[in-house]
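Take a look at the structure set out below.
Readers should treat all values here as calculations from the given coordinates under stated rules, not as data from a laboratory. Not measured: the values here are computed from a predicted model. Positions of Cβ are backbone-derived with ideal geometry, glycine not excepted, and every protein chain shown enters the neighbour counts.
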């Protein structure tokens, strides 16, 4: 960090971006009004706000659907990713046998698998299908990061554990998992965003079958050329993504601030 | 106190023809014979690559020898369950407080933290860190981290303490202070210490016997007995006796390089 950055008070880190946002919205509003831009090309921020207020009920219901799918997929990705990584760390053979399939699941574009999953699960259980698709996208970063983290425990500490006669379970819980924690959290940060992307993509593919998620609201508003509502749904989606990112960053800070280099604030 | 009974001490561990060849064909050790007696302070000194760390790890049972035999003179012939090991790095768990780091050996044995607390505080007090129980490793200096490592090795009150170049990464002042503290602890606790170092001075200052090792292949070149009385202090570092012993170890080392 150079001197200029240091001199900035903490509050400025919030104030400056907010100010930039306000100026940006003001210019946007002015351009649309002065240039008489039609709302189906680019709606003014005030029109988007009005649309958000008018459609608040339906948009919130849609937000809830997308949020539910995203969070459920994310939680299952954490459980599945960490669980599978622990299994891999206990047996090289299981890892050898299963890891390639985890990779195949990851590299195959989710959009391409989506129709298949939808048919298998059925349109009557559409949320389950969305959940599966979002999960497929979200779980791999946690799996690969945790696998790496579990392996990265200090070798001398491993020796020390052996010297004191530690069992497998003790090595896992007292040494490997704490060592892996920063890796797991980094994986979760990626996965949180991916779960949302997965949920949105799945909704797009599922189409009118879902009828209720935020992504479908966007598609629907597009069909009707109701661009202000499209933007309103879009902002809610970004807001959701931002909320997920910041809660994970906050969790990371709380868990690592006492000991990990990435989170400790240096005083010199 | 210690040197007078040295010849009559019972043997603790005997190494016979201990050799180690690694998978890639490197001969780390070629036939080492040595006996460590109970209460000895023995140093292994030699250039890097002479296999002194390998030897220590074989004694600890962390790796097995390719040939030869490590025999413990215990009732069951096995390594004592309690062995303290100190690495070159402090090797602390960064996510755990000083107290929890020292607690580790007891925790792994299923002892509850509350029950162990007096023992933990005593171990910390012995290395002068009683006030730092709640600190995290990254908040400590290199010397203090090493003290935590030492406290962890001591907390089970092991009969044997194995040290692998423990103070090598520290500055001269800190190292001399820790050397003195270690000697003090050794005199009061009467453990057996096997101390690996590449410093001739440190080995002479600390130990009763210096096993001089040579490289390629790793082997013991000779033994220098340091018969200076304990306790030793700064005066010993300036004595002719000290210089003579250093010269003797140095000569033994050079012999190894020449051959």
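Arranged by the count of other C-beta atoms within 10 angstrom, fewest first, what order do B:50, B:246 take?
Final ranking by Cβ density, sparse to dense: B:246, B:50.
Kindly give Rg over Rh for the range B:90-158, based on alpha-carbon atoms, with the Kirkwood expression for the hydrodynamic radius.
Result: Rg/Rh = 0.92.
Order by neighbour count: B:85, A:56, fewest other Cβ atoms within 10 Å first, most last.
In order of increasing Cβ crowding within 10 Å: A:56, B:85.
Need one number: the % of Cα-Cα pairs in the range A:38-190 sitting beyond the 28 Å mark.
42 percent
Based on a Kirkwood Rh over C-alpha pairs, give the Stokes-Einstein translational diffusion coefficient of chain B at 37 °C and viscosity 0.692 mPa s in µm²/s.
The Stokes-Einstein estimate is 173 µm²/s.
Answer rounded, prolate or oblate for the range A:32-73, using the Cα gyration tensor with square roots of eigenvalues a ≥ b ≥ c: rounded when a/c is under 1.5, else prolate when a/b is larger than b/c, else oblate.
Taking the square roots of the gyration eigenvalues as a ≥ b ≥ c, the range A:32-73 is prolate.
Mean-square fluctuation check for chain B, GNM, Cα pairs under 10 Å: which of B:199, B:53, B:239 is largest?
Comparing B:199, B:53, B:239 in the GNM, the peak value goes to B:239.
Relative to the longest principal Cα axis of chain B, at what angle does helix B:240-258 sit, 0 to 90 degrees, rounded to 10?
Here the helix axis deviates by roughly 60 degrees.
For chain A, rounded, prolate or oblate, judged on the Cα gyration tensor with a ≥ b ≥ c (square roots of eigenvalues), a/c < 1.5 rounded, else prolate if a/b > b/c?
Oblate is the answer for chain A, as a/c is 1.5 or above yet b/c matches or exceeds a/b.
Could you put A:230, A:60 in order, starting from the residue whose Cβ has the fewest other Cβ atoms within 10 Å?
So the ranking, lowest neighbour count to highest, is A:60, A:230.
Report, to the nearest 10°, how far helix A:126-151 tilts away from the longest principal axis of the Cα atoms in chain A, using its own Cα long axis and a range of 0 to 90°.
40 degrees
How much mean residue ellipticity at 222 nm does the protein assembly as shown get from its helices, if each DSSP H run of length 4 or more adds -39500 (n - 2.57) and you divide by all residues, to the nearest 500 deg cm²/dmol?
Rounded to the nearest 500, it is -19000 deg cm²/dmol.
What nm value, rounded to one decimal, do you get for the distance between residue B:239 and residue A:97 when each label is placed 7 Å out toward the C-beta?
6.7 nm
Counting C-alpha atoms alone, how compact is the range B:45-179: give Rg to one decimal and Dmax as a whole number, in angstrom.
Considering the range B:45-179 through its Cα atoms, Rg and Dmax are 15.9, 47 Å.
Which of B:62, B:170, B:99 moves most in a GNM of chain B, Cα contacts under 10 Å?
B:62
Using a Förster distance of 45 angstrom, determine the FRET efficiency expected from the C-beta separation of residue A:79 and residue B:227, and round it to 0.05.
0.10
At 25 °C and 0.890 mPa s, what whole-number value in µm²/s does Stokes-Einstein give for the translational diffusion of the protein assembly as shown, with Rh from the Kirkwood sum over Cα pairs?
On the way: Rh = 28.2 Å.
Taking Rh from Cα pairs, D becomes 87 µm²/s.
May I ask for the angle, rounded to the nearest 10°, between helix A:227-256 and the longest principal axis of chain A, with both axes built from Cα atoms and the value confined to 0 to 90°?
Result, in degrees: 20.
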